[in-house]
Amino acid sequence: MIQPLDSVIVHTLTRVITPVIQLFALYVLIHGHDSPGGGFQAGTLFAASVILPIIAFGIQGSLSVLERRAIILGGIGILLFAGIGLLPLILGGEFLNYGKLPIPGMEASARRHWGILGIEIGVTITVAATAVSIYYSLRERGEGEEK
């Protein structure tokens, strides 16, 4: 079990900084295809916003359940990426050709915009889940060596 830190300063800063990190991660994700940033950067920020409270407050209960959820989320992110990428290929276009996405009532440029955003959401979910899963694995291994 991950033990909490006994510091009022760390607890207070974690409560204040965690939502700010998540909000900034959302900003990086949404503006990633128009400016520097994107799915990978947003995913690492989301992972940091999950890991920081774990370090500060500890975890009650089983790590295997949390790690399993992280792995499931990673799979969902990969399926989202692959689904958006393969759908145009199935419909006769090229892989990741978002202009061929079957979204009725939209021009090709709008379909590209939403396709890129969907891909980046998939990447964000996958990167965040993978980073959190790696943290759990390394933390468990480190706790096992101490005993």
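The values are calculated or read from the model by the stated rules, or taken from the named source; none is laboratory data. Source: prediction; values computed, not measured. No Cβ is skipped: glycine too gets one built from the backbone with ideal geometry, and neighbour counts run over all protein chains shown.
Take the conditions (1) assigned to a helix (DSSP H, G or I); (2) surrounded by 16 or more Cβ atoms within 10 Å (Cβ to Cβ); Gly32 misses just one of them, which is (1).
Checking the structure you have, find out if any residue of the range 28-44 is β-branched (Val, Ile, Thr) and closer than 30 Å to Asp6 by Cα.
Yes - at least one qualifying residue is present in the range 28-44.
Asp6 meets each of the listed conditions (1) part of a helix (DSSP H, G or I); (2) more than 18 Å from the chain's Cα centre (by Cα) apart from (1). Within the range 35-51, the set of residues being assigned to a loop (DSSP other than H, G, I, E, B) and touching a helix residue (DSSP H, G or I) at 6+ places or on another chain (Cβ under 6 Å) comprises Gly37, Gly38.
On the basis of being at pLDDT below 85, over 19 Å from the mean Cα position of the chain (by Cα) and at positive phi, does Gly58 make the cut?
Criteria met by Gly58.
Candidates are the residues of the range 1-43 that are of a type in the set (S, T, N, Q) and in contact with a Ser or Thr (Cβ under 9 Å, 6 or more places away or on another chain); the one that is nearest to Ser109 (Cα to Cα) is Gln41. With respect to Ser109, is the statement that it is more than 30 Å from Arg139 (Cα to Cα) and either part of a loop (DSSP other than H, G, I, E, B) or not aliphatic (A, V, I, L, M) (or both) true? Yes. For the structure I just gave you, tell me whether Ile17 is modelled with pLDDT of 95 or more and assigned to a helix (DSSP H, G or I). Yes; evaluated as a whole, the condition is true for this residue. Looking at this structure, is Gln41 within 18 Å of Ala131 (Cα to Cα), of a type outside the set (Phe, Trp, Tyr) and either modelled with pLDDT of 95 or more or in contact with a Lys or Arg (Cβ under 9 Å, 6 or more places away or on another chain) (or both)? So Gln41 does not fit the description; no. So, Gly99, is that one in contact with a Phe, Trp or Tyr (Cβ under 8 Å, 6 or more places away or on another chain), farther than 21 Å from Ser133 by Cα, in a helix (DSSP H, G or I) and among the small types (Gly, Ala, Ser) or not? No.
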